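The values are calculated or read from the model by the stated rules, or taken from the named source; none is laboratory data. Since the structure is predicted, the reported quantities are computational estimates derived from the model, not experimental observations. FYI the Cβ positions are ideal-geometry reconstructions off the backbone, even for glycines, and counts take in every protein chain you see.
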Amino acid sequence: MTTLTRRVALLAATGLAALGTAAFAQSTPAPKKEQPNQVQGVTITAPAAQDIKTSIDRRSYSLGKDLQATTGSVADILRNVPSVQVDVQGNVSLRGDPNVTIMIDGKPSGMFKGENRGQVLQQIPASQFERVEVMTNPSAAFSPEGTAGVINLITKQQRGVGMTGSVRGNFGTEGRKNASVSLARNTKRLTVSADAGWRRDKAKGEIIDERERLDPVSGRYATSQQKVNFISRGQSHNARAGVDYDLDKRTRLSAEARYNDMRYDSEAGSAYEGKTPGGAPSVRYQRLSDGGMRRSVAGVTGDLRRKLAGDDHEFTLHAGVERTRNRQTSFAEAFNQLPSISNTVESVRIGDELVQTRLKAEYKRPLPNDAKLVAGYELQIDDNDYDNYGARGPRGGALSVDPSLTNRFQYDQSVHAVYATYSRPMGDWTVMPGLRIEEVTVDTNQITSRLKDGYDYLHAYPSLHVQYRVDDLRQVNASYSRRIQRPTAQDLNPYRIYQDPYSYRQGDPRLKPQVTDAFEVAYQVRKGFNYYLGTLYWREARDGVTDVVRDIGDGVLLTTKANLAKSRSGGLELVANARLSPKLSYTISGATAWTEIGATDLGFPEKRSTWTVSGYAALNIQATPKDFLQISGFATGKRLTPQGYKEPTGMLLLGYRHKFNDRLSGVVTVQDALKTFGDKTVIDTPALKNRRDMDLDLRAVFIGFTYGFGGQGVPNPRRAREPAFDFQTTPGGVGPM
């Protein structure tokens with residue numbers, strides 16, 4: 001720990017300890033009666049029936065009418081959220097930027113870190129969550145990690161009196177199944193809740209990879225083609241248990257434990273043929289492989305919240321530790337025909353472990369003229385350990401360790417942060433400036449290669465949010481924030497890692513974080529149920545970490561990481577949520593965006609740019625008081641990449657729900673009804689031309705039911721604990737009890 005770190009930590013700890021001591025010594029006057037839908041500070045709370053809620057620094061989308069939330073995964077529901085895109089592998093991007101921080105109830109999780117986070121999002125059941133919050137320009141109270149912004153998943157809360165709960169089950173085609181149960185027990189001072197779920201899924205598809213590599217001697221291109229057919233079966237389990245206990249009217253203790261595991265087993269067969277620049281076959285082989293992936297996440301957290309004298313005056317303390325384990329194995333047999341006949345066997349094991357420790361202390365204080373100060377200290381420590389092993393040998397013979405498949409890499413990162421935001425209304429205006437200062441220390445150790453490296457840096461991240469109330473129906477929001485994207489652990493690993501006989505990857509321990517300056521202006525109109533929003537945005541990024549693919553000879557491609565010089569993007573987003581009649585409503589969101597990438601270092605003579613159009617639409621039909629139908633779909637246009645582009649894609653979704661009584665309902669959903677969803681990536685450089693088409697069969701039909709029991713529908717305001725980021729709260733803090 002550096003001297004500056006020690007001083008910052010000591011100063012923060014001393015100051016917060018003094019604040020906490022003073023807080024507990026203050027008197028506790030009788031709390032004022034809270035009024036529903038009251039505007040406090042800079043937060044605007046919409047009526048409970050609204051599908052969309054807005055605040056000065058975020059937007060929240062209800063999942064109540066999305067029937068895919070009943071039977072689908074988190075990846076499925078995120079595809080229907082404005083500004084969010086999800087590809088066939090579950091990878092999430094926000095306005096085309098994949099650098100997104102995903103949280104659960106305001107807390108980051110190791111589940112959503114690393115290369116397998118897309119598979120995790122495809123396995124976690126969406127039925128656990130009631131809302132999705134999107135913050136494209138978060139305030140300084142939140143970590144600047146994630147240049148695109150933050151997606152926060154709000155867990156469902158059992159808010160009835162006494163014992164409440166629900167049971168849910170869904171059965172789909174191709175052996176797809178999922179089930180979940182939620183329970184809660186509320187008393188005057190104690191709330192105990194728990195939920196558990198299980199999901200089984202299946203995926204199958206085909207990948208066709210066609211390459212053209214420039215031969216510098218002849219000036220002609222050598223071609224190759226690889227065709228892969230695969231089938232994958234996965235299942236996951238999740239469990240959560242939480243407890244809230246009120247020591248007195250102003251002090252609450254909370255604890256929570258979460259666990260999630262998932263596993264995939266896959267079978268694949270591939271055929272590869274490579275040709276010389278003259279067109280003669282030079283390489284030909286077939287490959288059969290069995291693979292498996294195991295991932296588990298376990299974590300515990302504890303919270304203390306103390307309400308102080310006056311409204312919105314409180315101190316909170318949060319601590320948590322989480323461990324994420326990944327393990328991937330594969331066993332493959334290769335039958336080579338050219339340049340010589342041989343049969344070989346390959347066994348590979350890839351493992352990594354992340355232990356993440358977090359500590360956060362925050363103080364909120366009201367100030368004169370309805371102003372509010374939020375200040376805090378946050379510590380996050382990441383310990384990563386990667387251990388890869390591989391062996392090869394002839395079929396039927398002994399296998400020997402292959403150095404190209406075997407290495408160990410350790411990566412440690414600590415982030416110390418202090419932050420403050422100040423919000424103040426001034427007539428129809430509200431302003432909220434903020435500043436966050438972070439010191440980061442990174443240490444890397446490529447044990448196999450005996451390469452150690454490390455660096456540290458101190459950066460400031462300002463933010464500014466402004467809100468103007470035009471009248472009772474209209475408002476304007478404007479914001480600015482500075483965001484970063486730190487390289488992942490694998491991005492920093494300098495070891496050349498084997499993926500398949502013609503694909504390798506390699507990181508760079510000296511990669512810098514990407515820095516993005518983001519600007520937005522939004523105009524909102526709300527009249528009863530109807531809601532309309534238009535947002536203009538502009539982003540300037542430098543040192544973006546991106547994939548660079550190059551030919552290293554004999555048809556082998558090496559994917560490395562590099563910092564791009566600069567990129568810019570901007571666009572217009574439109575969202576409409578309205579009723580056409582008492583039985584008919586719709587949601588439409590669309591965006592047109594422009595992206596420019598400066599990639600001269602990658603072989604392009606000048607900057608490259610393109611326009612992308614994307615959109616989502618849902619038509620909701622309340623045919624009878626008990627019958628609800630939904631037709632929805634999304635489309636994403638051509639997207640620019642540093643060395644090429646991704647082609648357009650889209651999906652049509654259908655759903656029907658019947659309410660048998662107040663406790664039991666049934667649902668039928670159809671996913672990818674027209675089988676149009678896919679992933680087509682093109683690399684087009686002078687030295688390499690590559691087209692990769694993934695045809696993934698996601699079409700599925702689900703039939704399910706939901707049964708609720710207990711005191712549902714009987715709210716207990718005192719025990720209705722709000723999630724940390726929901727819109728009953730003020731920016732940067734925990735909501736009222």
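Annotation note: Cβ proximity below 8 Å between a residue of segment 660-680 that is farther than 21 Å from Asp693 by Cα and a residue that is small (Gly, Ala, Ser) and in a loop (DSSP other than H, G, I, E, B) (sequence gap 6+ or interchain) occurs for Asp662/Gly713; Thr669/Gly72.
Taken together, the criteria exclude Ala194 from residues that are more than 17 Å from Ala75 (Cα to Cα), aliphatic (A, V, I, L, M), surrounded by 21 or more Cβ atoms within 10 Å (Cβ to Cβ) and in contact (Cβ under 8 Å) with a residue 12 or more places away in the chain. Of the set (1) polar (S, T, N, Q); (2) touching a residue at least 60 places away in the same chain (Cβ under 8 Å); (3) more than 30 Å from Asp209 (Cβ to Cβ), all apply to Ser581 but (2). For beta carbons closer than 9 Å, sequence separation of 6+ or different chains, a first residue in segment 406-423 that is farther than 25 Å from Arg349 by Cα and a second that is aromatic (Phe, Trp, Tyr), the qualifying pairs are His416/Tyr377; Ala417/Tyr377; Ala417/Tyr461; Val418/Tyr377; Tyr419/Phe142; Tyr419/Tyr377; Tyr419/Tyr461.
Note on segment 393-429: residues that are out of contact with any Gly (no Cβ under 7 Å at 6 or more places or on another chain) and of a type in the set (Asp, Glu) total 2.
Screening segment 51-121 for strands (runs of 3 or more DSSP E) wholly inside it with 3 or more residues that are more than 20 Å from Ala635 (Cβ to Cβ), among the β-branched types (Val, Ile, Thr) and out of contact with any Lys or Arg (no Cβ under 7 Å at 6 or more places or on another chain) returns the ranges 100-104.
Of all residues in segment 527-551, those satisfying the criterion of being at pLDDT 85 or above and of a type in the set (S, T, N, Q) are Asn530, Thr535. Within segment 252-273, is there a residue that is closer than 22 Å to Arg691 by Cβ, touching a Ser or Thr at 6+ places or on another chain (Cβ under 6 Å) and touching a residue at least 24 places away in the same chain (Cβ under 8 Å)? Yes, segment 252-273 contains at least one residue that is closer than 22 Å to Arg691 by Cβ, touching a Ser or Thr at 6+ places or on another chain (Cβ under 6 Å) and touching a residue at least 24 places away in the same chain (Cβ under 8 Å).
Yes or no: Asp547 of a type in the set (D, E, K, R), surrounded by fewer than 18 Cβ atoms within 10 Å (Cβ to Cβ) and over 24 Å from Val431 (Cα atoms)? Yes; evaluated as a whole, the condition is true for this residue. Every condition in (1) at pLDDT below 90; (2) touching a Pro at 6+ places or on another chain (Cβ under 6 Å) holds for Ser340 except the one numbered (2).
Within segment 684-700, residues that are within 17 Å of Leu640 (Cβ to Cβ) sit with their Cβ atoms under 7 Å from residues that are in a loop (DSSP other than H, G, I, E, B), at 6+ positions apart or across chains, in these pairs: Thr685/Gly603; Thr685/Gln643. Go through the residues of segment 672-692 one by one and say whether even a single one is of a type in the set (Phe, Trp, Tyr), in a strand (DSSP E or B), at pLDDT 80 or above and touching a Leu at 6+ places or on another chain (Cβ under 8 Å). No: segment 672-692 contains no residue that is of a type in the set (Phe, Trp, Tyr), in a strand (DSSP E or B), at pLDDT 80 or above and touching a Leu at 6+ places or on another chain (Cβ under 8 Å).
Checked against the criteria, Thr441 counts as closer than 25 Å to Arg542 by Cβ and at pLDDT 90 or above.
Here the strands (runs of 3 or more DSSP E) wholly within segment 533-596 that include at least 1 residues being hydrophobic (A, V, I, L, M, F, W, C) and out of contact with any Phe, Trp or Tyr (no Cβ under 9 Å at 6 or more places or on another chain) are 545-551, 557-563. State yes or no: is Tyr272 surrounded by fewer than 17 Cβ atoms within 10 Å (Cβ to Cβ) and either under 19 Å from Arg395 (Cβ atoms) or of a type in the set (Ser, Thr, Tyr) (or both)? Judged against the criteria, Tyr272 is not a match.
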